[in-house]
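Reviewing the structure listed below.
The values are calculated or read from the model by the stated rules, or taken from the named source; none is laboratory data. Keep in mind the model is a prediction, meaning the values are calculated, not measured. Here Cβ is always computed from backbone atoms with ideal geometry, including for glycine, and neighbour counts include all displayed protein chains.
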Amino acid sequence: MTDSQKYIIGLVFYPGMTSLDMVGPHQVFSALPGVELHRIWKTLDPIICDDGLMIVPDTTFANCPSLDVICVGGGLEQQAVENDPEVLEFFRKQGSTAKFVTSVCGGSEFLAKAGLLKGYRAATHWGMRQQLMTHLGVEMGTERVVVDRNRITGGGVTAGIDFGLTIASILYDEETAKIVQLLLEYDPAPPFNAGSPEKAGSEIVNKAILYMQKLSNLELAKTTS
(Lines give C-alpha, C1' and ligand atoms only; values in the text may rest on other atoms or scores of the structure.)
Protein backbone atom coordinates (compact mmCIF):
# COMPACT_ATOMS: atom_id res chain seq x y z
CA MET A 1 0.00 0.00 0.00
CA THR A 2 1.35 3.41 -0.97
CA ASP A 3 0.37 6.95 -0.06
CA SER A 4 2.05 8.53 -3.10
CA GLN A 5 -1.18 8.61 -5.13
CA LYS A 6 -3.83 11.24 -4.50
CA TYR A 7 -7.41 10.87 -5.69
CA ILE A 8 -10.52 13.01 -5.33
CA ILE A 9 -13.62 10.82 -5.01
CA GLY A 10 -17.16 12.19 -4.95
CA LEU A 11 -20.23 10.27 -3.78
CA VAL A 12 -23.55 11.84 -4.71
CA PHE A 13 -26.22 11.56 -2.03
CA TYR A 14 -29.87 12.55 -2.45
CA PRO A 15 -33.15 12.31 -0.51
CA GLY A 16 -34.68 8.84 -0.66
CA MET A 17 -31.53 7.02 -1.73
CA THR A 18 -30.59 3.58 -0.40
CA SER A 19 -27.88 4.27 2.17
CA LEU A 20 -25.96 1.01 1.78
CA ASP A 21 -25.43 1.68 -1.94
CA MET A 22 -23.00 4.42 -0.92
CA VAL A 23 -22.08 3.52 2.65
CA GLY A 24 -20.37 0.31 1.46
CA PRO A 25 -18.11 2.03 -1.08
CA HIS A 26 -17.61 4.95 1.33
CA GLN A 27 -16.21 2.56 3.93
CA VAL A 28 -13.79 1.10 1.39
CA PHE A 29 -12.68 4.47 0.01
CA SER A 30 -12.18 5.93 3.48
CA ALA A 31 -9.59 3.22 4.18
CA LEU A 32 -7.49 4.10 1.13
CA PRO A 33 -4.40 6.32 1.48
CA GLY A 34 -4.38 9.73 -0.16
CA VAL A 35 -8.12 9.91 -0.87
CA GLU A 36 -10.02 13.18 -0.63
CA LEU A 37 -13.62 12.08 -0.15
CA HIS A 38 -16.61 14.32 -0.88
CA ARG A 39 -20.24 13.68 0.06
CA ILE A 40 -22.17 15.71 -2.51
CA TRP A 41 -25.65 17.13 -3.01
CA LYS A 42 -27.26 20.39 -4.16
CA THR A 43 -27.19 21.78 -0.62
CA LEU A 44 -25.59 20.94 2.71
CA ASP A 45 -28.96 20.16 4.29
CA PRO A 46 -29.26 16.73 5.94
CA ILE A 47 -30.54 13.98 3.66
CA ILE A 48 -32.93 11.25 4.79
CA CYS A 49 -32.33 7.93 3.05
CA ASP A 50 -35.08 5.46 2.20
CA ASP A 51 -34.27 3.47 5.36
CA GLY A 52 -34.47 6.55 7.60
CA LEU A 53 -30.71 7.01 7.97
CA MET A 54 -29.63 10.67 7.96
CA ILE A 55 -26.54 11.75 6.03
CA VAL A 56 -25.11 15.27 6.00
CA PRO A 57 -23.39 16.32 2.72
CA ASP A 58 -20.18 18.35 2.95
CA THR A 59 -19.93 19.48 -0.70
CA THR A 60 -22.45 21.11 -3.03
CA PHE A 61 -22.71 20.89 -6.81
CA ALA A 62 -21.56 24.51 -6.96
CA ASN A 63 -18.33 24.09 -4.97
CA CYS A 64 -17.44 20.53 -5.95
CA PRO A 65 -13.89 20.19 -7.28
CA SER A 66 -13.07 18.24 -10.42
CA LEU A 67 -13.41 14.58 -9.44
CA ASP A 68 -11.23 11.62 -10.30
CA VAL A 69 -14.11 9.28 -9.43
CA ILE A 70 -17.79 10.21 -9.43
CA CYS A 71 -20.29 7.73 -8.01
CA VAL A 72 -24.03 7.56 -7.33
CA GLY A 73 -26.33 4.89 -5.91
CA GLY A 74 -29.99 4.04 -6.30
CA GLY A 75 -32.97 4.27 -4.00
CA LEU A 76 -36.68 3.74 -3.57
CA GLU A 77 -37.26 7.45 -4.17
CA GLN A 78 -34.76 8.04 -6.95
CA GLN A 79 -37.56 8.75 -9.44
CA ALA A 80 -38.10 12.07 -7.66
CA VAL A 81 -34.64 13.32 -8.66
CA GLU A 82 -33.34 11.19 -11.54
CA ASN A 83 -34.81 13.53 -14.17
CA ASP A 84 -33.80 16.74 -12.39
CA PRO A 85 -31.95 18.90 -14.97
CA GLU A 86 -29.57 20.26 -12.32
CA VAL A 87 -28.66 16.74 -11.19
CA LEU A 88 -28.13 15.41 -14.71
CA GLU A 89 -26.07 18.46 -15.70
CA PHE A 90 -23.80 17.88 -12.70
CA PHE A 91 -23.18 14.31 -13.85
CA ARG A 92 -22.52 15.43 -17.42
CA LYS A 93 -20.07 18.09 -16.27
CA GLN A 94 -18.14 15.86 -13.87
CA GLY A 95 -18.44 12.84 -16.14
CA SER A 96 -16.74 14.69 -18.98
CA THR A 97 -13.50 15.03 -17.00
CA ALA A 98 -13.54 12.28 -14.35
CA LYS A 99 -11.08 9.44 -14.70
CA PHE A 100 -13.83 7.02 -13.69
CA VAL A 101 -17.61 7.38 -13.99
CA THR A 102 -19.29 4.93 -11.66
CA SER A 103 -22.47 3.81 -9.93
CA VAL A 104 -23.97 1.20 -7.66
CA CYS A 105 -27.40 -0.40 -7.98
CA GLY A 106 -30.01 1.94 -9.54
CA GLY A 107 -27.44 4.72 -9.77
CA SER A 108 -26.70 3.51 -13.28
CA GLU A 109 -30.01 5.07 -14.33
CA PHE A 110 -28.67 8.53 -13.46
CA LEU A 111 -25.61 7.88 -15.61
CA ALA A 112 -27.71 6.57 -18.49
CA LYS A 113 -30.07 9.55 -18.42
CA ALA A 114 -27.06 11.88 -18.38
CA GLY A 115 -25.83 10.15 -21.54
CA LEU A 116 -22.81 8.65 -19.80
CA LEU A 117 -23.52 4.99 -20.56
CA LYS A 118 -24.07 5.27 -24.30
CA GLY A 119 -21.96 2.54 -25.90
CA TYR A 120 -21.01 1.07 -22.53
CA ARG A 121 -21.95 -2.11 -20.72
CA ALA A 122 -23.18 -1.72 -17.15
CA ALA A 123 -24.56 -3.42 -14.03
CA THR A 124 -27.54 -2.44 -11.91
CA HIS A 125 -30.03 -3.97 -9.48
CA TRP A 126 -31.64 -7.03 -11.05
CA GLY A 127 -35.07 -5.40 -10.80
CA MET A 128 -33.97 -2.53 -13.05
CA ARG A 129 -32.09 -4.35 -15.81
CA GLN A 130 -35.03 -4.58 -18.19
CA GLN A 131 -35.86 -0.89 -17.80
CA LEU A 132 -32.33 0.21 -18.60
CA MET A 133 -32.14 -2.07 -21.61
CA THR A 134 -35.58 -1.30 -23.02
CA HIS A 135 -35.97 2.39 -22.29
CA LEU A 136 -32.39 3.66 -22.10
CA GLY A 137 -30.60 1.31 -24.48
CA VAL A 138 -27.94 0.18 -22.01
CA GLU A 139 -26.25 -3.17 -22.51
CA MET A 140 -26.70 -4.85 -19.14
CA GLY A 141 -24.40 -7.32 -17.40
CA THR A 142 -25.35 -9.68 -14.60
CA GLU A 143 -22.00 -9.57 -12.80
CA ARG A 144 -21.62 -8.03 -9.36
CA VAL A 145 -19.32 -5.44 -10.92
CA VAL A 146 -19.00 -4.53 -14.60
CA VAL A 147 -15.86 -2.75 -15.80
CA ASP A 148 -16.09 -1.26 -19.28
CA ARG A 149 -13.13 1.04 -19.87
CA ASN A 150 -13.58 3.91 -17.39
CA ARG A 151 -17.21 3.07 -16.60
CA ILE A 152 -17.40 0.91 -13.48
CA THR A 153 -20.82 -0.11 -12.22
CA GLY A 154 -21.99 -2.32 -9.37
CA GLY A 155 -25.10 -4.46 -9.08
CA GLY A 156 -27.66 -4.18 -6.32
CA VAL A 157 -26.99 -2.66 -2.87
CA THR A 158 -24.45 -5.05 -1.28
CA ALA A 159 -22.45 -5.18 -4.52
CA GLY A 160 -21.23 -1.73 -3.47
CA ILE A 161 -18.51 -3.32 -1.36
CA ASP A 162 -17.31 -5.49 -4.26
CA PHE A 163 -17.47 -2.35 -6.41
CA GLY A 164 -15.42 -0.35 -3.90
CA LEU A 165 -12.74 -3.00 -3.71
CA THR A 166 -12.61 -3.18 -7.52
CA ILE A 167 -12.06 0.59 -7.65
CA ALA A 168 -9.34 0.26 -4.98
CA SER A 169 -7.50 -2.34 -7.06
CA ILE A 170 -7.66 -0.10 -10.15
CA LEU A 171 -6.61 3.12 -8.42
CA TYR A 172 -3.84 1.43 -6.41
CA ASP A 173 -3.20 -2.29 -6.82
CA GLU A 174 -4.60 -5.69 -5.92
CA GLU A 175 -2.58 -5.90 -2.72
CA THR A 176 -4.05 -2.63 -1.43
CA ALA A 177 -7.57 -3.86 -2.21
CA LYS A 178 -6.87 -7.13 -0.39
CA ILE A 179 -5.57 -5.28 2.67
CA VAL A 180 -8.74 -3.16 2.81
CA GLN A 181 -10.90 -6.25 2.32
CA LEU A 182 -9.16 -7.90 5.28
CA LEU A 183 -9.45 -4.78 7.43
CA LEU A 184 -13.19 -4.81 6.77
CA GLU A 185 -13.26 -8.59 7.29
CA TYR A 186 -15.33 -8.79 4.13
CA ASP A 187 -15.81 -12.54 3.88
CA PRO A 188 -19.44 -13.07 2.84
CA ALA A 189 -21.17 -16.22 4.01
CA PRO A 190 -24.89 -15.53 3.56
CA PRO A 191 -27.30 -17.71 5.55
CA PHE A 192 -29.39 -18.36 2.44
CA ASN A 193 -28.53 -18.99 -1.19
CA ALA A 194 -31.03 -16.44 -2.49
CA GLY A 195 -28.93 -13.38 -3.30
CA SER A 196 -29.66 -13.30 -7.04
CA PRO A 197 -32.69 -14.11 -9.21
CA GLU A 198 -30.84 -17.09 -10.65
CA LYS A 199 -30.24 -18.55 -7.19
CA ALA A 200 -33.50 -17.55 -5.50
CA GLY A 201 -35.85 -19.22 -7.97
CA SER A 202 -39.00 -17.92 -9.64
CA GLU A 203 -41.31 -18.15 -6.62
CA ILE A 204 -39.09 -15.96 -4.42
CA VAL A 205 -38.35 -13.60 -7.34
CA ASN A 206 -42.07 -13.02 -7.98
CA LYS A 207 -42.71 -12.37 -4.29
CA ALA A 208 -39.73 -10.00 -4.17
CA ILE A 209 -41.07 -8.05 -7.16
CA LEU A 210 -44.43 -7.60 -5.42
CA TYR A 211 -42.62 -6.53 -2.26
CA MET A 212 -40.55 -3.95 -4.16
CA GLN A 213 -43.68 -2.58 -5.81
CA LYS A 214 -45.36 -2.24 -2.42
CA LEU A 215 -42.35 -0.41 -0.99
CA SER A 216 -42.15 1.89 -4.03
CA ASN A 217 -45.85 2.74 -3.75
CA LEU A 218 -45.43 3.54 -0.05
CA GLU A 219 -42.50 5.86 -0.77
CA LEU A 220 -44.42 7.52 -3.61
CA ALA A 221 -47.35 8.12 -1.27
CA LYS A 222 -45.00 9.80 1.23
CA THR A 223 -43.61 12.20 -1.35
CA THR A 224 -47.04 13.19 -2.70
CA SER A 225 -48.84 13.56 0.63
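Under 23 Å from TYR172 (Cβ atoms) and not assigned by TED's automatic domain parsing to the domain that holds LYS214, is that true of ARG92? Before you say what the answer is, go through the steps one by one.
Details: under 23 Å from TYR172 (Cβ atoms): no; not assigned by TED's automatic domain parsing to the domain that holds LYS214: yes.
Criteria not met by ARG92.
Within the span defined as the range 121-130, one or more residues are outside any helix (DSSP H, G or I), at pLDDT 95 or above and more than 13 Å from the chain's Cα centre (by Cα). If we scan the range 2-19, do we find a residue that is within 21 Å of GLU175 (Cβ to Cβ), crowded, with 22+ Cβ neighbours inside 10 Å and over 16 Å from the mean Cα position of the chain (by Cα)? No, the range 2-19 has no match at all.
Restricted to the range 56-79, and to residues that are under 22 Å from GLY24 (Cβ atoms) and β-branched (Val, Ile, Thr), which residue is surrounded by the fewest Cβ atoms within 10 Å (Cβ to Cβ)? Lay out the reasoning, then the answer.
Step one: filter the range 56-79 for residues under 22 Å from GLY24 (Cβ atoms), giving 56-59, 64, 67-78.
Next, from what is left, pick out any that are β-branched (Val, Ile, Thr): 56, 59, 69-70, 72.
On the way: VAL56: 11, THR59: 19, VAL69: 24, ILE70: 28, VAL72: 31.
Result: VAL56.
Looking at ASN206, ASN193, just one residue is more than 18 Å from THR102 (Cβ to Cβ) and touching a Lys or Arg at 6+ places or on another chain (Cβ under 9 Å), and that residue is ASN193. Of all residues in the range 50-97, those satisfying the criterion of being more than 18 Å from THR18 (Cβ to Cβ) and of a type in the set (Gly, Ala, Ser) are ALA62, SER66, GLY95, SER96. From the set of residues in the range 80-97 that are free of Cβ contacts under 8 Å to residues at least 40 places away in the same chain and farther than 13 Å from GLY10 by Cβ, which is surrounded by the fewest Cβ atoms within 10 Å (Cβ to Cβ)? So the residue we want is PRO85.
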